[in-house]
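The values are calculated or read from the model by the stated rules, or taken from the named source; none is laboratory data. Since the model is a prediction, treat every value here as computed from it, not as a measurement. For neighbour counting, all protein chains shown are included, and Cβ atoms are generated from backbone atoms with ideal geometry for every residue, glycine included.
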Amino acid sequence: MPGIQSDDGIRITALSADIGAALAHINELSLALKECVEAIVRHLDAAFARIWTLSSTGAVLELKASAGIYTHLNGNHSQVPVGLFKIGQIAKERKPHLTNDVAHDPRISDPRWAAREGMVAFAGYPLIVDDQLVGVLALFSRHPLSEATMTALESVSVGIAIGIERKRAQAALLDSERRYRFLAESMPQIVWTATPDGGLDYVSSQGTTYFGIQGENLLGAGWLAAVHPDDRDRVVNRWQQSLSSGEIYESEFRLRRGTDRAWRWFLVRAQPMFGPEHQTLSWVGTCTDTHEQKEGAEALRIANRELEEFAYVASHDLQEPLRMVNIYTQLLLRRITIDEPSTNQYADFVREGVRRMEELLRDLLSFSRSVHEADTDGTADLSISLNDAIAVLRTRIEETGTEIKCQFLPITRGDTRQIAHVFQNLLSNSLKYRRDEPPVIDISAEQQNDAWVVSVRDNGIGFETRYADRIFGLFKRLHKEEYPGTGLGLAICKRIIERYGGRMWAESTPGVGSTFFFSLPQGEEAQA
Ligand code: ADP
C-alpha cells in the first residue's frame with residue numbers, strides 16, 4: 001500500500017537513521033560502534049549483535065562492540081583469526097552469511113548453545129570499503145529475519161564500514177598532527193608555519209618563550225615587530241620574493257629577546273609545502289639562534305685579518321733593517337784585518353743568520369700575499385703553471401737528474417701565477433727531500449664531479465702518515481736538522497688552494513715517496 005510503511009520498513013528506516021547519527025556525531029570509534037550494535041538490537045529485536053575490526057596486521061579480527069545478551073568484549077570471540085570460525089570465514093570469503101535455520105547450519109560451531117538459547121537466525125556481513133576489508137558485523141536473532149531486513153542490514157554494514165574507515169583516518173591524522181606538534185615543540189629551534197600569503201598561523205612554544213609575548217601576537221605579521229628595524233625591509237622583501245616564487249626562504253637577521261630586549265642573530269629558513277597541483281599549501285619554517293657563532297666568527301675574522309696584516313707589515317718592514325745589517329756587516333768585516341779563524345767563523349754565522357732571516361721574511365711575505373692578492377673568480381691554466389714552476393727550478397732539476405712526468409693538466413678555477421707558486425713549492429720539496437737516487441716526479445690530474453684533483457708524486461724520503469696534516473701548519477717541519485727551510489711552503493700552498501674553493505692533502509710512505517694532492521673547482525671553460 002503506497003504511503004504506508006510496513007513494520008519492517010519503519011524499523012529499518014529508524015535503524016539506518018540511528019546508525020547514521022551515531023557514526024556522524026560520536027568521535028570515538030568504539031563508542032560509535034557500540035551505539036550501532038545497540039541500535040541493531042533495539043530496532044531488529046536481535047538477541048545480540050557484534051562488530052569486529054581488522055587488526056593493523058590484517059590477520060586478526062578484534063571485537064570492538066557487543067550489545068544484547070552479551071556485552072563483554074573479552075570472551076572467546078574477542079580475537080578471531082581471519083579464516084577461522086564463522087566470523088573469520090566471512091572475513092576471508094568477503095561474503096555475507098545469512099540463515100534463518102541456525103539449528104541446521106553447518107557453520108554454527110556450537111549448535112547446542114544455539115538450541116539452548118533458542119537462536120533461529122544468524123546474519124554476518126563483511127565490512128568493506130574500497131575493496132578493503134575493515135571488519136565484520138554479525139547478529140543472532142531468536143526469530144527469523146525477513147528478506148527486507150537482511151538487505152537493509154547489508155546497506156547498514158556499508159555505512160558502518162565507511163564510518164570505521166573515516167574515523168580511523170581521522171585518528172591517524174590527529175595522531176600525526178600530535179606527533180608533528182610534539183616534534184616542533186621538542187626542537188631547540190623556534191618552529192612556525194605560515195599560510196600561502198605569508199601570515200604566520202602557528203609558532204611553537206620556544207617562540208613565545210623567546211619573544212616573551214603571547215603566541216597569538218606573533219601570528220599574521222605580528223612577528224615583524226620583533227625584527228630589528230635595520231633588518232626589517234630586507235627581511236620583508238626576501239619573504240615576499242619567496243612567497244611569489246615558491247623558492248626556499250633563507251635569511252639571517254636579528255630578533256629581539258623578550259627577557260632583556262637584546263637583539264640576537266637568527267638563521268631563519270622556510271620551505272613551502274606543495275599540494276598535488278604544485279600549489280603552496282603552507283610554509284614550514286625554523287629560527288635557529290646563530291648569535292654566538294656569528295659573533296665568534298666575526299671576532300675570528302677580525303683577529304685573522306689583524307694577524308695577516310701584522311705578518312705582512314712585519315715581513316715587509318723587517319726587510320729594510322735586515323738589508324742594513326747585511327750591508328754594514330760586510331763593510332765592517334772588510335775593515336777588520338786580523339786574520340783570526342774565529343773572526344771568519346763569526347762572520348759566517350752572521351751571513352748564515354742573515355740568509356735564513358731573509359728566507360723567512362720572503363716566505364712570510366709570500367704567505368701574506370697569498371691571502372691578500374688572490375682573485376678568486378679567475379681561472380688557472382695548470383699546464384702553464386707547471387711549466388712556469390719547472391722553468392724557475394730548471395737548474396736544480398738538471399743538477400739532480402730529476403725526471404718529471406706529466407700527463408694532461410686542465411684549466412681550473414684559480415690564478416695561473418698562484419698555482420705556479422703551488423707547483424714550485426711542491427716540486428722544490430720533492431727535489432729537496434729526495435733520496436740518493438735521482439728524483440722521479442709524476443704529475444697528473446683526474447676529474448671528480450665538478451672538481452679536478454691534481455697529484456704530485458715523488459720517490460723521495462717520505463714521512464709517516466700521522467704527520468700528513470701537521471706539515472701544512474705554519475712553521476711545521478719534520479726534517480729540521482738535515483734540510484734547510486722555513487716550514488711555510490706547504491702552508492702557503494694550502495692557503496692558495498683553499499682560497500679558490502679547493503682542498504689540499506698528502507699521503508706518504510717513509511723511504512718510498514710522497515704524494516701531494518690538491519683539488520680545484522672546474523674552470524669556466526670546462527663547465528660550459
Ligand atoms: P719546508 O720545506 O720549508 O720545511 P714545507 O711547508 O714546504 O716547509 O714542508 C713542511 C715539511 O713537510 C717539511 O719540513 C718536510 O718535513 C715535509 N715535506 C714536505 N714535502 C715533502 C716531500 N716531498 N717529501 C718528504 N717530506 C716532505
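Descriptive notes on the structure:
- Check on THR400, over 39 Å from the mean Cα position of the chain (by Cα) and either at pLDDT 95 or above or not charged (D, E, K, R) (or both): yes
- Elements of the type helices (runs of 4 or more DSSP H) sitting completely within region 127-222 and holding at least 3 residues that are among the charged types (D, E, K, R): these cover 147-186.
- Within region 502-519, being under 28 Å from the mean Cα position of the chain (by Cα), more than 11 Å from VAL456 (Cβ to Cβ) and in a strand (DSSP E or B) holds for ARG503, TRP505, SER519.
- Unmet requirement for ALA114, which otherwise passes all of (1) in contact with a strand residue (DSSP E or B) (Cβ under 9 Å, 6 or more places away or on another chain); (2) farther than 21 Å from LYS34 by Cβ; (3) assigned to a loop (DSSP other than H, G, I, E, B): (3)
- Pick from region 503-518, criterion touching a residue at least 60 places away in the same chain (Cβ under 8 Å) and buried (at least 22 other Cβ atoms within 10 Å of the Cβ), ranking: farthest from PRO438 (Cα to Cα): PHE518
- Among the residues of region 313-334, none qualifies, meaning not one is assigned to a loop (DSSP other than H, G, I, E, B) and over 20 Å from THR195 (Cβ atoms).
- The set of residues in region 429-472 that are more than 16 Å from GLY513 (Cβ to Cβ), within 9 Å of the ligand (Cβ to nearest atom) and surrounded by 14 or more Cβ atoms within 10 Å (Cβ to Cβ) contains only PHE472.
- LYS494 closer than 17 Å to ASP363 by Cβ, more than 31 Å from the chain's Cα centre (by Cα) and near the ligand (Cβ under 10 Å from one of its atoms): no
- The residue that is nearest to ILE441 (Cα to Cα), among those in region 458-491 that are within 34 Å of the chain's Cα centre (by Cα) and part of a loop (DSSP other than H, G, I, E, B), is ALA468.
- Of the residues making up region 183-195, those that are at pLDDT below 90 and out of contact with any helix residue (DSSP H, G or I) (no Cβ under 8 Å at 6 or more places or on another chain) are LEU183, ALA184, SER186.
- Residue ID - surrounded by the fewest Cβ atoms within 10 Å (Cβ to Cβ), chosen from residues in region 256-269 that are part of a strand (DSSP E or B) and in contact with a helix residue (DSSP H, G or I) (Cβ under 7 Å, 6 or more places away or on another chain): ARG256
- Residue match in region 76-86 (condition: charged (D, E, K, R) and under 44 Å from the mean Cα position of the chain (by Cα)): no
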